[in-house]
Amino acid sequence: MITAERRKRDINWSIAQNPTEISFTKVVKEIVNGHFAEVSKDITLTVRIFPQKTYDSSITVSSGTIGTSYKNTAYGMLADSEADLSVDSKTSIEFDCSYGHMKVKNVYPQIINGEICGYDCGLEKVM
């Protein structure tokens, strides 16, 4: 059986094979002087971004009254246990990297024996 420490080492080793540094601003609601206030935090992480599927079959064209956008969901991201990533309907994570402008679509924590060992994320490249 794999231990949490072994899984963390494996994730860190995988990230070290092809590291990419990303930066984004995270807005969280915290209690400040007895009320909730939005607090911005600048986050810098070293992650691994990788292709998940074939490039051609995953492009979505979205046409609206404003214009046309192309979205590619063929990328994934691996982050270590210190990343503390989460996205929901009210918060999102977007960043620029060597692959282009990315948006985190979903976050899957890698959990072994109740301990978070890393995060596997689905990315959407907006063109």
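Structure data summary
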| read-out | value |
| --- | --- |
| Every residue from region 87-113 that is open to solvent by 50 Å² or more (accessible area, probe 1.4 Å), among the aromatic types (Phe, Trp, Tyr) and under 15 Å from Glu21 (Cα atoms) | Tyr99 |
| Residue that is surrounded by the most Cβ atoms within 10 Å (Cβ to Cβ), among those in region 32-41 that are over 22 Å from Val87 (Cβ atoms) and of a type outside the set (Gly, Ala, Ser) | Val32 |
| Selection status of Asp84, closer than 30 Å to Met1 by Cβ, at pLDDT below 90 and open to solvent by 70 Å² or more (accessible area, probe 1.4 Å) | yes |
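Here is a yes/no grid of residues against (1) surrounded by 10 or more Cβ atoms within 10 Å (Cβ to Cβ); (2) β-branched (Val, Ile, Thr); (3) assigned to a strand (DSSP E or B):
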residue: Met1; (1), (2), (3): no, no, no
residue: Arg7; (1), (2), (3): yes, no, no
residue: Ala16; (1), (2), (3): yes, no, no
residue: Glu21; (1), (2), (3): yes, no, yes
residue: Val28; (1), (2), (3): yes, yes, yes
residue: Ile43; (1), (2), (3): yes, yes, yes
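The values are calculated or read from the model by the stated rules, or taken from the named source; none is laboratory data. As the structure is a computational prediction, the values presented were derived from the model and not from experiment. No Cβ is skipped: glycine too gets one built from the backbone with ideal geometry, and neighbour counts run over all protein chains shown. Each accessible area value is taken on the protein alone, full model and side chains, heavy atoms only, with ligands, DNA and RNA left out. Shrake-Rupley method; radii C 1.70, N 1.55, O 1.52, S 1.80 Å.
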